[in-house]
Amino acid sequence: MSRCVSNCTNQFAPWSGVTGGWTADTRSFVVPYDLFHGGIPGGDDCPPAGVPGGCGHLVVGSTRVWETIAGGNATMNGASWYVTNNPTTQNMTKQTLGNRSFINQVKYSPKYQSVAIVGTNDANVWIGFNLGTGTQAQANWVCLTGDCTPTGNQGIVPLRPVLGISLDPTVSAANLPVGYAAVGGFTPNTPSTPGHVFQVTCTADCGSFTWADKTGNLPDIPVDSIIVNPNNALQVYAGTDWGVYYTNDVSVASPTWQRFENGIPHAMVWDMQIDRGSTTLSVWTRSRGAYVYPLPGAVTPSPTPTPTSTPTATPTVTPTATPTATGSPGRATPTPRPRPTPPPRP
């Protein structure tokens with residue numbers, strides 16, 4: 001990992017290495033990391049921008065979770081990273097896939113910098129509390145898929161790779177998280193546990209928790225990423241191997257998902273992010289570029305029609321829903337056909 005703090009878009013910008021001690025761990029070829037950026041009302045926030053200052057809390061996943069709170073400091077270096085797990089040797093995977101048992105994604109809660117969620121390539125999901133202390137081994141990680149061992153009780157979450165995870169940014173307290181897991185593979189590989197999108201709801205500190213299958217009408221294709229609209233927790237976006245889907249009401253037992261059709265390719269969507277002001281969704285594809293979409297319910301109104309952000313008892317389904325024809329993914333209303341001009345009267 002490298003960092004730049006000034007003139008970073010210039011040729012020969014001054015990037016410096018800040019890689020932590022995770023190089024000795026088993027890890028993904030594309031190392032997952034996340035930066036806490038704050039900006040959610042009622043939650044934690046970052047100091048004013050600057051060096052030192054700004055949003056300096058970062059996490060990296062290997063088979064355990066590393067953290068630094070010095071990302072905004074002028075003196076940050078590789079020694080700034082520490083292992084959050086207790087014990088520090090804790091392996092968060094099932095260790096059933098050899099060198100492919102690693103963390104696929106690690107994400108902070110968008111609202112609280114003390115909470116994070118992890119998904120592993122061998123089907124584990126964890127939520128951690130008490131991050132951000134700056135002290136090693138201070139986090140409390142809770143396994144949410146059985147006992148997270150090779151023989152554990154997996155529950156309704158399939159024994160397939162957890163490719164994406166996210167936390168609801170609208171929860172009322174840091175110790176009452178609601179999380180989502182996006183699962184890869186195909187249902188015939190795990191016929192007794194079908195599905196691709198799962199929601200977990202925790203009591204205090206995940207002392208107990210409940211999983212729900214929110215796959216609904218999604219096709220049986222891998223879901224690679226997932227994220228919640230901070231302006232409306234009922235609206236969830238799923239990045240799949242075949243583009244971006246969304247639902248306007250994830251609270252129902254079997255949500256209705258719709259796909260963005262125009263303005264964005266039917267490509268693998270490996271990651272999605274939302275900006276600090278909760279105005280824009282960014283979509284990052286494999287090999288087909290990046291796209292942005294104005295989030296419904298944002299302070300700045302969208303210039304084009306968008307999925308409704310009003311919570312309703314049932315999801316809103318628009319039969320003519322197609323994305324805007326611009327480069328940003330979205331939906332647009334079809335242009336009415338012109339009426340023919342009647343012939344002149346005799």
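The values are calculated or read from the model by the stated rules, or taken from the named source; none is laboratory data. Quick caveat: nothing in here was measured; it's all calculated off a predicted structure. FYI the Cβ positions are ideal-geometry reconstructions off the backbone, even for glycines, and counts take in every protein chain you see. Side chains are part of the model used for accessible areas, which takes the heavy atoms of the whole protein and leaves out ligands, DNA and RNA. Shrake-Rupley method; radii C 1.70, N 1.55, O 1.52, S 1.80 Å.
Of all residues in the range 164-205, count the ones that are polar (S, T, N, Q) and under 27 Å from Leu35 (Cβ atoms). I'd like the intermediate steps shown before the answer.
Within the range 164-205, the subset polar (S, T, N, Q) is 166, 170, 172, 175, 187, 189-190, 192-193, 199, 201, 203.
Right, trim to under 27 Å from Leu35 (Cβ atoms) and you get 166, 170, 172, 175, 199, 201.
Of the residues in the range 164-205, 6 are polar (S, T, N, Q) and under 27 Å from Leu35 (Cβ atoms).
Restricting the search to the range 157-205, which residues are of a type in the set (S, T, N, Q), open to solvent by less than 30 Å² (accessible area, probe 1.4 Å) and in contact with a helix residue (DSSP H, G or I) (Cβ under 9 Å, 6 or more places away or on another chain)?
Correct list: Thr193 only.
Which pairs have Cβ atoms under 9 Å, sit 6 or more apart or on different chains, and link a residue in the range 43-70 that is more than 19 Å from Asn124 (Cβ to Cβ) to one that is part of a loop (DSSP other than H, G, I, E, B) and among the basic types (Lys, Arg)?
Listed pairs, sorted by first residue: Gly43/Lys111; Asp44/Lys111; Cys46/Arg276; Cys55/Arg276.
Under 9 Å between Cβ atoms, at least 6 apart or on separate chains: pull out the pairs that start in the range 81-97 with a residue that is of a type in the set (Val, Ile, Thr) and end on any residue that is modelled with pLDDT under 95 and surrounded by fewer than 18 Cβ atoms within 10 Å (Cβ to Cβ).
Thr96/Pro150
Does the range 191-208 contain at least one residue that is in contact with a Gly (Cβ under 6 Å, 6 or more places away or on another chain) and either part of a loop (DSSP other than H, G, I, E, B) or over 14 Å from Val142 (Cα atoms) (or both)?
Looking only at the range 191-208, we keep the residues that are in contact with a Gly (Cβ under 6 Å, 6 or more places away or on another chain), and these are 200.
Among the residues that remain, those that are also either part of a loop (DSSP other than H, G, I, E, B) or over 14 Å from Val142 (Cα atoms) (or both) are: none.
Looking for residues that are in contact with a Gly (Cβ under 6 Å, 6 or more places away or on another chain) and either part of a loop (DSSP other than H, G, I, E, B) or over 14 Å from Val142 (Cα atoms) (or both), one finds none in the range 191-208, hence no.
This table checks each residue for (1) of a type in the set (A, V, I, L, M); (2) within 22 Å of Arg288 (Cα to Cα); (3) touching an Asp or Glu at 6+ places or on another chain (Cβ under 6 Å).
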site: Ala212; (1), (2), (3): yes, no, no
site: Ile226; (1), (2), (3): yes, yes, no
site: Val236; (1), (2), (3): yes, no, no
site: Thr240; (1), (2), (3): no, yes, no
site: Val244; (1), (2), (3): yes, yes, no
site: Thr256; (1), (2), (3): no, no, no
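Scan the range 20-31 residue by residue and report those that are in contact (Cβ under 8 Å) with a residue 12 or more places away in the chain and open to solvent by 60 Å² or more (accessible area, probe 1.4 Å). Don't jump to the end; show me each part of the working.
Our first condition is that a residue be in contact (Cβ under 8 Å) with a residue 12 or more places away in the chain; within the range 20-31, this holds for 20-22, 25-28, 31.
Arg27, the sole residue that qualifies.
Just checking: which of the strands (runs of 3 or more DSSP E) contained wholly in the range 95-154 hold 2 or more residues that are basic (Lys, Arg), open to solvent by 10 Å² or more (accessible area, probe 1.4 Å) and more than 18 Å from Thr203 (Cα to Cα)?
none
(1) out of contact with any Pro (no Cβ under 7 Å at 6 or more places or on another chain); (2) among the small types (Gly, Ala, Ser); (3) closer than 26 Å to Pro230 by Cα; (4) open to solvent by less than 30 Å² (accessible area, probe 1.4 Å): which one isn't true of Ala70, the others all being true?
(3)
Of these, Asp44, Asp34, which one is of a type in the set (D, E, K, R), out of contact with any Cys (no Cβ under 7 Å at 6 or more places or on another chain) and either within 23 Å of Ser225 (Cα to Cα) or open to solvent by less than 40 Å² (accessible area, probe 1.4 Å) (or both)? Spell out how you get there, then give the answer.
Numbers: Asp44 fails: either within 23 Å of Ser225 (Cα to Cα) or open to solvent by less than 40 Å² (accessible area, probe 1.4 Å) (or both).
Every option except Asp34 fails the conditions.
Select from the range 234-292 the residues that are at pLDDT below 95 and within 30 Å of Pro48 (Cα to Cα) and write down the one among them that is most open to solvent (accessible area, probe 1.4 Å).
Arg276
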